[in-house]
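Comments concern the structure below.
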Amino acid sequence: MRGNGLAPPLLAIEGLAVSYGAVPAVEGVSLEIHPGELRVILGANGAGKTTIIKTVLGLLRPRRGRILLDGTQDLLRCRPHQIHRMGIAWVPEGRQLWSTLTVLDNLRLGGFRERDETVVARRIDEMFQRFPRLGERRNQISGSLSGGEQQMVAIARALVSGPRLLLMDEPSLGLAPLVVRDVFALVKEINAMGIAILMVEQNARQALKVADWAYLLETGRIVESGPAAEVAGKESVQAVFLGGHA
Amino acid sequence: MDLFLQQIANGLIIGSTYAVVALGFALAFSVLRVIHFAHPDVFMVGMFAGLVTAETFPFGGLALAMLGGLIGAGVLGYAIERTVIEPLRGRDVLTTLIATLGVAIMLQNGMALIVGPDPVPYPPLLPRRFLDIGPVSVTVRQAANLGICLLLLAFVSIYVRGTRIGRATRAIAERPDVAAAFGVDVARVCQATIVVASAMAGIAAVSVGTLYGSASAFVGLLYGLKAFTCMLVAGNRYFEGVAAVAIFLGVLEALVTGYVSSSLRDAVAFLVLIGVLYFRPNGLFGSYQT
Ligand SMILES: Nc1ncnc2c1ncn2[C@@H]1O[C@H](COP(=O)(O)OP(=O)(O)O)[C@@H](O)[C@H]1O
Ligand SMILES: [Mg+2]
């Protein structure tokens, strides 16, 4: 699964710098992810995790840097809907469902890029088989679901687009501990289907268990990078996230 | 009782017209985040486009005049979107508000230069005959106006709920970034939204011109303020809510006219609407944070 040096990375971020007005949020971040991998960016609140994700999606314009898909496609030249159509899907921080739309309509919009309605319908059916509770609530307004159910809708919505790369922004945020375990199991399962996942998380303990590779982000800079098991042993990570007893 | 039913009928007729204009306002505000003050004047231009069509093709009837109104208003709406609204996207609401207000004034005065400042007669596209429906008596023109406006409202509801682009429209209204990140070409959907809103207004305008038998360069002013207020009172969460408030406003006005006095009509109606806003500042049916 790991890059072999011949195939270009699925996504490569090089020297990325992003600011809000004059305030820098991300400073010279470089990272990459290969097809089929699961990589995680760990970082505290305000470290710049969401900023990186939104820049990849084309929702923010960086000050400097390059973002390449398949080693050739320059994403900074593309608008968000074009980037999505290349196979990049998003599970946003805090879910960000269309709250007045039904579960079904949220999933249909997830399949917006696919013009063949029968393909979308089949994928939605698969989601309802995978998440029977969503199937039962398909005609319910998504804003009325529980936090865990909403997270399932957010993940299913992204999967209905048939992505190659899934960007997940703190999927465990604000969920009950039992649900958090389910979410990480699901992340692993999606990755096993062959979908590459770049996840950002504060829940380092769980994220390091499922990830292949981990980056540690501190105030907009990557300070550690390596196989997840190695990074889990680093003092800097232990001190910040794992309370010293990982 | 008969007066009551009669006034309800009158109220529905005028209210459904407010609703079409208000819905256009609401679509523009929710999807493009712009207070499109030129929208009522797009309605006005649609009215004159219908008039010109009817006078050029006297045998085309109401349908052809409406097609003229649809095209005139639709093209104008599209042009305003491309030249004024789109270039200012991302600026604060006040900037686009002032820009569209400028367009509104240009359209009003431009039309007044062409047709004069006073109302001009509208071609009689429908007979003036009365229809008796139970205790209520309405003209063919009134019945047609109600029917046309309700059809337009139903069309919008089906459009935003039942079609792929319509779903994308509602998705942008709540979360433009997420919509874009799920493959929606926001700029294109914004254009489609303005064209739909404008074309609808153009169709309704021909019906209204026919109903009153006159058209004026300043007819937009009457509808603009009311439509804008309806949008604020309903909130922008449900497009249907805006239509409901507009129809309610029409009925309220008719009842005040029938039972109190026509000079108090606007005062009472606005008092009630402002009262609603006082108790529900986000609107009767809620608003998305913008
Ligand atoms: N819209 C914004 N405007 C100004 N500053 C922002 C905005 N969004 C984030 N920031 C700032 O950028 C930095 C990184 O934010 P973010 O990427 O959201 O961090 P994280 O996702 O790791 O919590 C923080 O200091 C935050 O305050
Ligand atoms: Mg974040």
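Throughout, read-outs are computed from the coordinates displayed, never taken from laboratory work. Quantities reported herein were computed from a predicted structural model and do not represent experimental measurements. We place every Cβ from the backbone using ideal geometry, glycine too, and count neighbours over all the protein chains shown.
Per residue, the protein assembly as shown reaches -18000 deg cm²/dmol at 222 nm when only DSSP H runs of four or more residues are counted, each adding -39500 (n - 2.57). For the range B:252-282 versus the range B:1-17, the inter-centroid distance based on Cα atoms is 15 Å.
Taking packing as the residue-averaged number of other Cβ atoms within 10 angstrom, the listed peptides A:174-182, A:119-127 run from highest to lowest as A:119-127, A:174-182. Normalised by the number of residues in chain B, the mean separation of alpha-carbon contacts (under 8 Å, six or more apart) gives a relative contact order of 36 percent.
Let me spell out the model: positive unit charges on the Cβ of Lys and Arg, negative unit charges on the Cβ of Asp and Glu, origin at the Cα centre of the range B:2-279. What dipole size does that give, in debye rounded to 20? Don't jump to the answer; show the numbers that get you there.
Working: 16 positive and 14 negative charges, 104 e Å.
It comes to approximately 500 debye.
Annotation: the antiparallel percentage among DSSP beta bridges lying fully within the range A:49-202 is about 25. Each part reduced to its alpha carbon centroid, the range A:30-104 and the range B:224-245 end up 36 Å apart. When the charge dipole of the protein assembly as shown is built from unit charges on Cβ atoms (+1 for Lys and Arg, -1 for Asp and Glu) and taken about the Cα centre, the candidate among B:T83, B:V45, A:Q96 whose Cα reaches farthest toward its positive end is A:Q96. First measure r as the distance between the Cβ atoms of B:F130 and A:D74, then evaluate 1/(1 + (r/R0)^6) with R0 = 45 Å and state the FRET efficiency to the nearest 0.05. Taking R0 as 45 Å, the efficiency between B:F130 and A:D74 is 0.05.
Annotation: the antiparallel percentage among DSSP beta bridges lying fully within the protein assembly as shown is about 60. For A:L11, nonlocal amide neighbours, meaning residues 5 or more places apart or on other chains whose placed amide H falls under 5 Å from its own, are A:I33, A:D70. Amide H contacts of A:G28: A:L16, A:A17, A:V18, each under 5 Å away and 5 or more positions distant or on a separate chain (H built 1.01 Å from N in the peptide plane; Pro and chain starts excluded). Residues whose amide H comes within less than 5 Å of that of A:W90, counting only those at least five positions distant or on another chain, are A:L167 (H built at 1.01 Å from N in the peptide plane).
Averaging sequence separations of C-alpha pairs under 8 Å and six or more residues apart, then dividing by the length of the range A:88-246, give the relative contact order as a whole percent.
With pairs under 8 Å counted, the relative contact order is 23 percent.
Averaged over the residues of peptide A:108-119, the number of Cβ atoms from other protein chains lying within 10 Å of each residue's Cβ is 3. Simple spin-label estimate for B:S214 and A:A185 gives 7.4 nm between the two label positions (7 Å along the Cα-to-Cβ direction from each Cα). Of interest is the spacing of the C-alpha centroids, which for the range A:188-218 and the range B:158-208 amounts to 37 Å. Among the chymotrypsin sites (Phe, Trp or Tyr not before Pro) found in the range B:38-124, those both in a DSSP coil and sparsely packed, with 13 or fewer other Cβ atoms within 10 Å of their Cβ, are B:F59. Sites listed here are trypsin sites (Lys or Arg not before Pro) in the range A:1-57 whose DSSP assignment is loop and whose Cβ has at most 16 other Cβ atoms within 10 Å: A:R2.
For the protein assembly as shown, lysine pairs separated by 8 or more sequence positions, or belonging to different chains, with Cα-Cα distances below 30 Å total 9. Of the DSSP H helices in chain B, those with a Cα length along their own long axis of 27 Å or more and a mean Kyte-Doolittle hydropathy reaching -1.0 comprise B:2-32, B:61-80, B:93-115, B:140-162, B:186-212, B:239-259.
Along the range A:21-35 the Karplus relation, 6.51 cos²θ - 1.76 cosθ + 1.60 evaluated at θ = phi - 60°, assigns HN-Hα couplings of x, 8, 8, x, 10, 10, 10, x, 8, 10, 7, 8, 9, 9, x Hz to successive residues, with x for each Gly and Pro.
Placing +1 on the Cβ of every Lys and Arg and -1 on the Cβ of every Asp and Glu, with no other charges, gives the protein assembly as shown a dipole of roughly 340 debye about its Cα centre. Judged by the mean number of other Cβ atoms found within 10 Å, the most tightly packed of the peptides B:246-256, B:121-131, A:188-198, A:93-103 leads the ranking B:246-256, A:93-103, A:188-198, B:121-131. Among the residues of B:169-178, the average count of other protein chain beta-carbon atoms within 10 Å of the residue beta-carbon is 5. Per residue of peptide A:81-91, the mean number of Cβ atoms on other chains within 10 Å of the residue Cβ is 3. Judged by the mean number of other Cβ atoms found within 10 Å, the most tightly packed of the peptides A:138-148, B:96-106 leads the ranking B:96-106, A:138-148.
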